[in-house]
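Novice: Right, I'll just put the structure down here and ask away after.
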Amino acid sequence: MNNMGYLFAANLFVWGGVFYYLFRIKKHQRSLQNDLDLIKEAVEKGTEGE
Amino acid sequence: MIWTLLKRPLKRELKVSDEKKQDSPILIWLTVVAFLAAMIAIFIYVPTEQTEGAVQRIMYFHIPAAWLAFFSFFIVFLSSILFLWKKEREWDIYALASAEIGVIFCSLVLITGPIWARPIWGVWWMWDARLTSTLILWLIYVSYLMLRAQTDAGSMRARLAAVLGIVGFLDIPFIHFSVLWWNSVHPQPKMISEEGLGKGMDPSMVATLMISLGAFTLLYLVFMGQRIQVEKMRDEVEQLKKDHLYSR
């Protein structure tokens with residue numbers, strides 16, 4: 001029995017799943033960091049005008 | 001622009017941490033090296049199994065993914081108990097992070113299993129006790145994540161999720177013993193068998209499985225670190241919005 005296609009498909013799903021999740025986390029981190037930077041900027045502008 | 005929301009100057013001190021969140025490069029590189037070692041072991045070192053052929057190598061992904069799914073849900077179980085006991089947000093974050101990672105690993109189990117089964121059993125799926133109970137486990141923790149996504153943030157959401165996280169874990173012993181209690185088509189445990197730990201397999205297969213398990217465990221730790229960081233950043237954003245913007 002050879003069935004290399006099945007082995008390849010399983011590998012594809014495993015690595016696809018791992019990288020999809022990793023990129024999704026990184027995307028969330030970037031978005032939240034952006035929000036934090038915006039809030040920081042907003043608060044700083046607010047205190048400057050005081 | 002978000003700063004236009006500010007109508008008057010702020011007196012409170014800004015709590016945003018200036019330091020960028022740091023990844024753990026040692027852990028990440030260790031995981032990369034572990035996976036390289038696992039790939040070499042799976043595709044070069046370990047001999048091809050005589051009856052199943054190359055497709056048997058799927059087991060070196062399938063089994064570690066299953067163990068890690070169980071381990072993730074055990075962390076959910078433990079963190080949920082600690083959250084209900086201590087009422088600290090920290091434990092709720094660990095439970096959520098681990099549940100999400102557990103669902104990812106459990107999904108990989110439910111995908112790689114049928115890919116292995118098709119050439120070996122001749123069918124993609126059977127309503128066997130172990131397969132069905134694993135699918136139920138996946139559904140329980142998907143509903144756990146849906147409950148968290150659909151309910152308003154607060155202690156009630158965290159409490160409900162903690163209860164579901166604890167109850168859901170009770171399926172895991174059932175999954176483990178299902179192949180022993182019933183006539184299952186799923187292969188019997190070979191690592192933990194009556195002959196002794198790892199005695200039911202060739203030593204090269206045991207070594208390969210251990211390397212792969214190590215790599216997957218490191219991946220779990222990387223995922224946990226990253227996911228916890230996301231949740232803490234989200235908390236920080238919400239807190240800052242509440243303190244500096246919504247209160248204006």
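Every number in this text was worked out from the coordinates using simple rules, so none of it is lab data. Keep in mind that this is a model prediction, so the values were computed, not measured. All Cβ positions, even for glycine, are placed from backbone atoms using ideal geometry, and neighbour counts span all protein chains on display.
Novice: Normalising by the residue count of the stretch B:58-245, find the relative contact order in percent from Cα pairs under 8 Å and 6+ residues apart.
Specialist: Value for the stretch B:58-245: 27 percent.
Novice: Please pull out the direction-averaged projected area of the stretch B:58-245, using the convex hull of its alpha-carbon atoms, in nm² to one decimal place.
Specialist: Approximately 12.1 nm², given one-decimal rounding.
Novice: Would you please report the Å³ per residue occupied by the convex hull of the alpha carbon atoms in chain A?
Specialist: Per-residue hull volume (Cα only) is 29 Å³.
Novice: What is the spin-label model distance, in nm, from B:K241 to B:L170 if the labels are put 7 Å beyond Cα along the C-beta direction?
Specialist: Inter-label distance under the simple model: 3.7 nm.
Novice: So what J values fall out for the stretch B:127-138 if you push phi through Karplus, 6.51 cos²θ - 1.76 cosθ + 1.60 with θ = phi - 60°, rounded to Hz, Gly and Pro as x?
Specialist: Calculated HN-Hα couplings, in order: 7, 7, 4, 6, 5, 5, 5, 5, 4, 4, 4, 4 Hz.
Novice: Please report the net charge: other residues with Cβ closer than 14 Å to the Cβ of B:P114, K and R +1, D and E -1.
Specialist: For residues surrounding B:P114, the net value is +1.
Novice: Using label points projected 7 Å from each Cα along Cα→Cβ, tell me how many nm separate B:K86 and B:F74, to one decimal.
Specialist: That separation, rounded to one decimal, is 2.0 nm.
Novice: So, in the stretch B:58-245, how many Lys pairs have Cα atoms under 26 Å apart, if the pair is 8 or more places apart or on different chains?
Specialist: 8
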